[in-house]
Amino acid sequence: MEKSEKPLITEDGLRTDGRGPRDLRPVKIEVGVVKNADGSAYIEHGKNKILAAVYGPSEVHPRHFALQDRALLRCKYHMAPFSVQDRKSPAPSRREIELSKVIREALEPSLFLEYYPRTSIDIFIEVLQADGGTRCASITAASIALADAGIPMRDMVVACAAGKVDGHIVLDLNDIEDKNGEADMPLAMMPNKGLITLLQMDGLVTQEEFKQMLELAMEGCNLIYQIQKKALKSTFIKTVEEV
Ligand code: UDP
């Protein structure tokens, strides 16, 4: 994709989509959208539209993959060919294989996998529309899908990126900022536990900038965590009238 000629931050301090540097994109979450799955969630994070479905704990196939002391957690991140502007090949890419791994590793510390030895828990992530930050939105959605499936967990995992764009530290980069900015740092955490389960970065920043980005990304995670909890509660807590 070509580099953007336009400034990414205007003189008024606004970004290409009209946000201020510390603003999050709008986030909308729906729980239990795939009835055939044991747990599922749909997230709209800005223009990202992502579906996460969880199956299990169930019998492991092939059986020799089974672990004697815990459940086997598998994750498949897939981007639909129509999800991006330049059509993506339907064949699994190296990027999708890598993202499947980092998403699984970001979620694994939150789960009590030892409760389900010799079983598998499968997470399927379908990116229907992408606009930067799909790994973060996928982690947020997959964690709710796991909660919806009733998998015992220490805390939900929530993810958000911070980065550097036109010399400014910004929250939650979109696709143009991701591609043309100076740095992008996705972070996933368990907010109640204060534990970080994913931290990646591309680009170069000073130590002070890194600190600012870390704090900002954690702030973003805490905001999304509130939306995550609200979505779960609205699914499971019904008033007497609703019942
Ligand atoms: N992207 C794209 N074509 C691809 C893969 C990615 O246009 O084949 C875009 C998409 O909008 C994605 C963004 O590039 O969200 C950034 O991708 P990256 O690999 O940094 O992962 P992400 O930020 O989505 O976690």
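Miscellaneous remarks
- Options Asp155, Asp172; residue that is surrounded by 23 or more Cβ atoms within 10 Å (Cβ to Cβ), closer than 16 Å to Asn222 by Cα and of a type in the set (Asp, Glu): Asp172
- Failed item, numbered, when Glu44 is tested on (1) crowded, with 17+ Cβ neighbours inside 10 Å; (2) within 15 Å of the ligand (Cβ to nearest atom); (3) not in a strand (DSSP E or B): (3)
- Which listed residue, of Arg87, Arg70, Arg19, is within 16 Å of the ligand (Cβ to nearest atom), outside any strand (DSSP E or B) and of a type in the set (Lys, Arg): Arg87
- Any chance Leu107 is of a type outside the set (Gly, Ala, Ser) and away from the ligand (no atom under 11 Å from the Cβ): yes
- Scan of segment 125-139 for residues that are more than 9 Å from the ligand (Cβ to nearest atom) and surrounded by fewer than 20 Cβ atoms within 10 Å (Cβ to Cβ), ordered by number: Glu126, Leu128
- Filter result for Lys28 (touching a strand residue (DSSP E or B) at 6+ places or on another chain (Cβ under 6 Å), surrounded by 15 or more Cβ atoms within 10 Å (Cβ to Cβ) and basic (Lys, Arg)): no
We did not get these values from a lab; they are worked out from the coordinates using the rules stated. It should be emphasised that the depicted structure is a prediction, and the values quoted were computed from it without experimental measurement. Here Cβ is always computed from backbone atoms with ideal geometry, including for glycine, and neighbour counts include all displayed protein chains.
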